[in-house]
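Quick note: the coordinates plus some simple rules give every number you see, no bench work behind them. Here the structure is a predicted model, which means the values were calculated and not measured. When we count neighbours, we look across all protein chains shown, and the Cβ atoms used for this are built from the backbone with ideal geometry, even at glycine.
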Amino acid sequence: MRWNKASLLALPAIASAHGAHHHHQEVFSQDHLDELEQKWGTDWGFSGISTYAHLPHTRCLTNPEAAYDIAILGAPFDTAVSYRPGARFGPRAIRSGSARQTSFRGYNARAGLNPFTSWASIVDCGDIPITPFDNALALRQMSEAYLELAGRGPTQRSIQSGVKYLSKPKVITLGGDHSVALPALRALNKAYGHPITVVHFDAHLDTWHPAKYPSAWIDSEDPTTQSFLNHGSMFWLASIEGLVANGSSVHAGLRTRLSGDDEADYEEDTQQGWMRISTDDIDDVGTKGIVESIMERVGTETPVYLSIDIDVIDPGLAPATGTPEPGGWSTRELIRILRGIEGLNVVGADIVEVSPAYDSSAEITSIAAAQIVYEVLTSIVRKGLTEQARIESVKSSDKDEL
Ligand SMILES: *[C@@H]1O[C@H](CO)[C@@H](O)[C@H](O)[C@H]1NC(C)=O
């Protein structure tokens, strides 16, 4: 539980109700508490315990009463990667990279709001303690955790602010390798009752059939399906399970090499219902054109899972990742595109594949990842406000008609 001023004030009263043991406790005046808060209550970027943007931390998984409108959740898991491991340290690194973000100086001028002080209660829920020894168990842990955290009710803060469009809290997952998208999509399908549109920023397709990796079928008599969960096949698995909306999902930033000697990977991807925007498209249509194709395809209503692999950025600007592909978008271009698609109805998001052992000591990748989270947070908060304004204007025009 996180103690706020009201609960601190209430403490001595509760204690004395249970007996005489605590009668020496002082009752602190509100003035005194305010003074302490003013003196010690705000961290510098470099001080304090590391949470995302110095947000309050609650272990939401062991605290069923923890309420939030947006949860930051670490998924430190990297035993489904095909090349460089290490993304299990991603959540820590992104939190560290977010250190200069504070609610104190959090106003996002492009959006005209401070996401940390607006209607949404945002909490750092800590990490899912995921086993590195058994991927079947890991998948189960991630699925159960996501389902639990995405299923809680709205907070008093959002109810009081009147922003009601967010019927369910949003979870932003800090990866971890990209396979964390599968449990998220499983949970969102349960929560919303239908396949979810995925807007996927990545150098890679991640819709690969597992047999497109070496040794998946090494024992053809008895193939072990556990190898099917990997960070390049989780959208294929999600598609098999009917979790991905067919016909509205988008990849953006693709530039990887394909299997074999034809475009079969693309054909299979199309069969799974995806549209593809390549890295190179930006030279022809600019960030604006990329934004337009995504918005035209997806619209502003359908629930979207926004999945951002840090490797969509050029490895010169984000080197710390599992499967780097030269020639990517700049951090600035990606951020510009993310700002442009703020009208999407994002119901969950991830930022994955940050593997800090490959970062520079300047934390270049983690700082980029943290900034991406901030932009996504801003857009979700802004969407709540614009949606609320739309509901209000419909209500008042209804009244006018009466
Ligand atoms: C998606 O829709 C297309 C066109 O209707 C169809 O050919 C394809 O089999 C569908 N894919 C999935 C995974 O349902």
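Below, the figures for the structure above:
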quantity	calculated
Burial order of peptide ranges 84-97, 287-300, 343-356 (average beta-carbon count within 10 Å, highest first)	343-356, 84-97, 287-300
Debye-sum result for the chain in log10 I(q)/I(0), which assumes one identical scatterer on each alpha carbon, at q = 0.07, 0.09, 0.15 Å⁻¹	-0.34, -0.56, -1.42
Debye equation applied to the C-alpha atoms of the range 53-189, log10 I(q)/I(0) at 0.08, 0.09, 0.10, 0.15 Å⁻¹	-0.22, -0.28, -0.35, -0.77
Relative contact order %, the chain, counting alpha carbon pairs below 8 Å whose residues are six or more apart	19 percent
Which of Ala318, His178, Ile72, positive extreme of dipole for the range 48-401 (C-beta unit charges)	Ile72
Share antiparallel - DSSP beta bridges, the chain, percent rounded to 5	5 percent
